[in-house]
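These notes are about the structure you will find just below.
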Amino acid sequence: MSALAVVAAALQVVCVLAGAPLVVGGMRQVRARLEGRAGGGVGQPWRDLRKQLRKQQITPRGTTVVFAVAPAIAAGSTLLIAAIMPIFALGSPLDSTADLFGVVGLLFLGTVALTLAGLDTGTAFGGMGSSREITIAALVEPTILLAVFALSIPGQSANLAAIVSATLHNPGQVLSLGSVLAFVALVIVIIAETGRLPVDNPSTHLELTMIHEAMVLEYAGPKLALVEWASAMRLTVLLTLLANLFLPWGIAGADPSPLAVLLGLVAITVKVAMLAGALAAGEVFIAKLRYFRVPELLAGSFLLALLAVTASYFLATPTH
Amino acid sequence: MMTQATYAGVLDLTVGAFLLAAVLIVWRRELSSIVHLLAWQGAALAAIPLAEGIYRGDAGPIVVGVVVLVLRAGALPVLLLQAVGTADTERRESTPLVNTTSSLLITAGLTILAYAVTRPIIALNPAPATRAVPAAFAVILIAVFVMVSRRRALSQAVGFLMLDNSITATAFLITGGVPLIVELGASLDVLFAVFVLGVLTSRMRRTFGGTDLDQLRELRD
């Protein structure tokens, strides 16, 4: 492990911190332009964060330490994922400590922390939002685990760097049936997990439909800034994961040169920008799904993930 | 000509598309999109003998494949589309006996079951075609499930055609090709069944004003 790999891993965390609000801003801007509005600009989420960070700290009466630490746990777990996973270089020093299953576990740690905080406030909206969020999370988790299992079969390992380098050495497997099915299942799951359309509408505060927003309704000031920052980072990290699992080209190797790290940074920026743009453009054309239809969508994605496992496990031709 | 690896890859992709079409038929409610999916499934079915004919350099399977393509991806879906009603209540499978979420989970269970029960068949001869048998077998089980869980006459007909597609696919995969005359006979049978079903559906609609088979269980005067 070279010193540069450690520097690259640290750089990954900084880039996710700085880039996540820009990803959200870019998606809002794409959406605004497609709907014929001027939009607030790509930097608007950063300006919002700065405004909220300057505000006074307010804690609702009767809330406990659960409410106070939840934003930090959500942000911290996402940053830990950013340090573990290969974003623009493969040889992160933390890489051997957690595989893809560990990353999924860390993601759900953040979800559970915010859910408990929603319950802790004791308000009607907080409880309702938490109940909805945990319903969706419970349906999402088996799908993610199955899709991860399907992806780990060709590389013979659930370690993220091993999966990515297996795809780099054998580019044809991206177009195999199991991989395509796992891709579709993961896209649906990422949409559900980050609360985008058609599962949840991130830009509304209508009490009948909101899920994530209802859960964090009691937060204000710096804590709200942290919650929003964490959800932007979660979206960025998941998009990066999607890009690197299925389109890993351009990523720097385990022992990179400075030029390779720079190239990896440019490659992942382009890939995430394209994925985010496609997601935002797709959202213009769809309406939010009724809450009671969401389990249908998630059962469908679960089935696709299951088919991905069977396809890559049973159908795959023996390579020897 | 293609190599063995390409042949195995093409076979996996076709059988996967075949299974995926069955799953999407369970998922969707619009009758017209169900019929379109059935056409795609027919095309995937036709690709199995076509790939085999090209791989072996044999004209027989290619002819069978072309016949299957014309009939299952062309003629039968067109006939079924004509039977889709124009009334709003007739265009959707609005209330299946089992709701969509449970249907999808049952489909997942049936797929696993198919893989479990076809293990001895794969063990007999682990060739690429035999390894794809479980997927075709899963579609047989899914088709039976669609037939028993839907209310509209048309979606039950789609279930029946899916059952026939999957039995044909299993035959192609296990025997490595069905004689042309057998395939022709079976296909003609299915064609006439669909003719009769189409006529029956339109007469049902004219007489009773709907094709919900559950309302036709008891006698009335």
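Dipole orientation for segment A:159-262: of the candidates A:243, A:225, A:187, A:243 has the Cα lying most toward the positive pole (charges on Cβ; Lys, Arg +1; Asp, Glu -1).
For peptide A:299-311, the mean count of partner chain Cβ atoms within 10 Å of a residue's Cβ comes to 6.
Sort chain A into rounded, prolate or oblate with this rule: let a ≥ b ≥ c be the square roots of the eigenvalues of the Cα gyration tensor; rounded if a/c is under 1.5, and if a/c is not under 1.5, prolate when a/b is larger than b/c, oblate otherwise. Display every interim value, and only then the final one.
Numbers: a/c = 1.63, a/b = 1.34, b/c = 1.22.
Judged from the Cα gyration tensor, chain A comes out prolate (a/c at least 1.5, a/b above b/c).
Note that segment A:220-234 has calculated 3J(HN,Hα) couplings of 8, x, x, 5, 4, 4, 5, 4, 5, 4, 4, 6, 5, 5, 5 Hz, one per residue in order, obtained from phi through the Karplus relation 6.51 cos²θ - 1.76 cosθ + 1.60 (θ = phi - 60°); glycine and proline are x. In sequence order, segment A:134-143 has phi-based couplings of 6, 4, 5, 4, 5, 7, 6, 4, x, 5 Hz under the Karplus curve 6.51 cos²θ - 1.76 cosθ + 1.60, θ = phi - 60°, and Gly or Pro positions carry x.
For the listed peptides A:117-130, A:298-311, a ranking on the average number of other beta carbons within 10 Å per residue, highest first, reads A:298-311, A:117-130. As a proxy for reagent exposure, ranking A:274, A:215, B:147 by other Cβ atoms within 10 Å from fewest up yields A:274, B:147, A:215.
Using helices alone, I'd like the mean residue ellipticity at 222 nm for chain A: each DSSP H run of four-plus residues gives -39500 (n - 2.57), total over residue count, nearest 500.
After summing the helix terms and dividing by residue count, I get -23000 deg cm²/dmol.
Distances between placed amide hydrogens fall under 5 Å for residue A:211 paired with A:201, all partners being 5 or more residues away or on another chain.
On average, how many beta carbons from a partner chain sit within 10 Å of the beta carbon of a residue in B:101-108?
Numbers: counts 11, 3, 3, 11, 5, 1, 5, 9.
What the average comes to for B:101-108 is 6.
Taking Lys and Arg as +1 and Asp and Glu as -1, the other residues whose beta-carbon sits under 10 Å from that of residue A:108 total -2. Of the chymotrypsin sites (Phe, Trp or Tyr not before Pro) found in segment A:170-267, the ones in coil according to DSSP and having at most 15 other Cβ atoms within 10 Å of their Cβ are A:249. The overall shape of the protein assembly as shown, judged from the alpha-carbon gyration tensor, is oblate: a/c is not under 1.5, and a/b is no greater than b/c.
May I ask for the net charge around residue A:210, where only other residues with Cβ less than 12 Å from the Cβ of residue A:210 are counted and Lys, Arg are +1 while Asp, Glu are -1?
Numbers: positive: A:132, A:288; negative: A:133, A:200, A:207, A:213.
Charge balance in the 12 Å sphere: -2.
Each of A:137, A:163, A:198 was scored by the projection of its Cα onto the charge dipole of chain A, and the greatest displacement toward the positive side belongs to A:198; charges sit on the C-beta of Lys, Arg, Asp and Glu. Among rounded, prolate and oblate, which fits segment A:104-206 when a ≥ b ≥ c are the square roots of the eigenvalues of its C-alpha gyration tensor, a/c under 1.5 means rounded, and a/b larger than b/c means prolate? It is prolate, given that a/c is not under 1.5 and a/b is the larger ratio.
Exposure proxy ranking for A:271, A:55, A:288, based on other Cβ atoms within 10 angstrom of each Cβ and starting from the fewest, stands as A:55, A:288, A:271.
Compared with the dominant principal axis of the Cα atoms in chain A, helix A:177-193 is inclined by about 20°. A simple count of charges around residue A:74, restricted to other residues whose Cβ falls under 11 Å of its Cβ and scoring Lys, Arg +1 and Asp, Glu -1, yields +1. The Stokes-Einstein estimate for segment A:198-298, based on a Kirkwood radius over Cα pairs and taken at 37 °C with 0.692 mPa s viscosity, is a diffusion coefficient of 202 µm²/s. Think of the protein assembly as shown as having a plus end and a minus end, set by charges on the Cβ of Lys, Arg, Asp and Glu; of B:41, B:65, A:110, A:110 sits farthest toward the positive end of this dipole.
Per residue of B:3-10, how many C-beta atoms from partner chains lie within 10 Å of its own C-beta, taken as a mean?
Working: counts 0, 1, 3, 0, 1, 4, 6, 0.
Other-chain Cβ atoms within 10 Å of each residue's Cβ, averaged: 2.
Might you report the magnitude of the Cβ-based charge dipole of the protein assembly as shown about its Cα centre, with Lys and Arg at +1 and Asp and Glu at -1, to the nearest 20 debye?
1060
The GNM of chain B, with springs linking C-alpha atoms under 10 angstrom apart, assigns the highest mean-square fluctuation among B:134, B:120, B:61 to B:120.
For A:236, A:209, A:115, what ranking results if the residue with the fewest other Cβ atoms within 10 Å of its Cβ goes first?
Values: A:236 25, A:209 16, A:115 22.
Sorted ascending by nearby Cβ count, the order is A:209, A:115, A:236.
Amide H to amide H distances under 5 Å link residue A:252 with A:89, A:90, A:264, where only residues 5 or more positions off or on other chains count and H is placed in the peptide plane. Between A:23, A:164, A:266, the GNM of chain A built on Cα springs shorter than 10 angstrom shows A:266 fluctuating the most. The phi torsions of segment A:123-133, fed into the Karplus equation with coefficients 6.51, -1.76 and 1.60 and a -60° offset, translate into couplings of 8, 5, 5, x, x, 5, x, 4, 4, 5, 4 Hz, rounded to whole numbers, with Gly and Pro shown as x. Between residue A:203 and residue A:289, the distance separating the two model label sites (each 7 Å from Cα on the Cα→Cβ line) works out to 2.1 nm.
Long hydrophobic helices in chain B: the complete DSSP H runs spanning 15 Å or more by Cα along their own axis with mean Kyte-Doolittle hydropathy of at least -1.0 are B:4-27, B:31-56, B:59-70, B:100-117, B:133-149, B:153-175, B:180-208. All Cα-Cα separations within chain B were binned at 5 Å from zero, giving a P(r) of 1, 7, 15, 19, 18, 15, 11, 7, 4, 2, 1, 0, 0, 0, each value a whole percent of the pairs. Using a Gaussian network model of chain A in which every pair of alpha carbons under 10 angstrom is joined by a spring, one finds that among A:105, A:91, A:172 the greatest mean-square fluctuation is at A:172.
Working note: 222 nm ellipticity from helices only, DSSP H runs with n ≥ 4, each -39,500 (n - 2.57), summed and divided by the residues of chain B, gives -25500 deg cm²/dmol to the nearest 500. Working from label points 7 Å from Cα in the Cα-to-Cβ sense, the residue A:135 to residue A:254 distance is 4.6 nm.
Computed from the coordinates by the stated procedures, all read-outs in this text should not be read as laboratory data. Model, not experiment: these values are computed from the prediction. Neighbour counts are summed over all protein chains in view; Cβ atoms, including those assigned to glycine, are modelled from backbone coordinates with ideal geometry.
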